[in-house]
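Input: a single structure, listed below in structure tokens.
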Amino acid sequence: MEQRISLITLGVADVSRARTFYEQLGWRGQEVEETVFFQAGAMALILWARHKLAGDAGIEDTSADGFGGLTLAHNVRSPAEVDGLLATAANAGAEITQAARETFYGGYAGYFRDPDGHVWEIAYNPGFPLGPDGSITIPDFPAS
């Protein structure tokens, strides 16, 4: 696994309210299918409904002591890399919370929880190509 983070996804109670907050801080986001994308240097910050994020990660417990509403993503260059990194994480002691599968956005991803409960997504997303250094660039989405 390369030593980098591609995306940080915040599970929020109200996507519109959260977007307004970040835009009032000076950030500029793009919304696609009730998900807001902010380019943040060489990575991205994503706002998504907390219950949808928990469901996507295969986590049922969204209480304060369970799922914290935050995931870290490590994007890779192929579906095979997703499978390999999930296996590596499991061998290192991670709990696989969502096995790798095809995604609604045309990619391939799975999730694991590290020994301290932090949730990671390992994803191949053909719509977010990686630069040679592993950086991602959020594309310009068509206006909705």
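The values are calculated or read from the model by the stated rules, or taken from the named source; none is laboratory data. What you see is a predicted model; the values in this text were computed from it and never measured. Note that we place each Cβ from the backbone using ideal geometry, even for glycine, and neighbour counts take in every protein chain shown. Surface accessibility is based on the protein's heavy atoms, side chains included, excluding ligands, DNA and RNA. Shrake-Rupley method; radii C 1.70, N 1.55, O 1.52, S 1.80 Å.
Below are the figures for this structure:
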quantity	calculated
Failed criterion for L70 (all others in (1) surrounded by fewer than 20 Cβ atoms within 10 Å (Cβ to Cβ); (2) free of Cβ contacts under 8 Å to residues at least 40 places away in the same chain; (3) hydrophobic (A, V, I, L, M, F, W, C) hold)	(2)
Which listed residue is open to solvent by 30 Å² or more (accessible area, probe 1.4 Å) and within 15 Å of the chain's Cα centre (by Cα), from E34, E60, E2	E34
Strands (runs of 3 or more DSSP E) wholly inside region 31-109 that include at least 2 residues being in contact with a Lys or Arg (Cβ under 6 Å, 6 or more places away or on another chain) and not aliphatic (A, V, I, L, M)	95-102
Residue ID - most open to solvent (accessible area, probe 1.4 Å), chosen from residues in region 95-124 that are among the β-branched types (V, I, T) and over 13 Å from N75 (Cβ atoms)	I96
Among the candidates A49, A73, residue that is of a type in the set (A, V, I, L, M, F, W, C) and in contact with a Leu (Cβ under 9 Å, 6 or more places away or on another chain)	A73
Residue satisfying all of: in region 15-30; open to solvent by 100 Å² or more (accessible area, probe 1.4 Å) and assigned to a helix (DSSP H, G or I); nearest to T103 (Cα to Cα) among these	R17
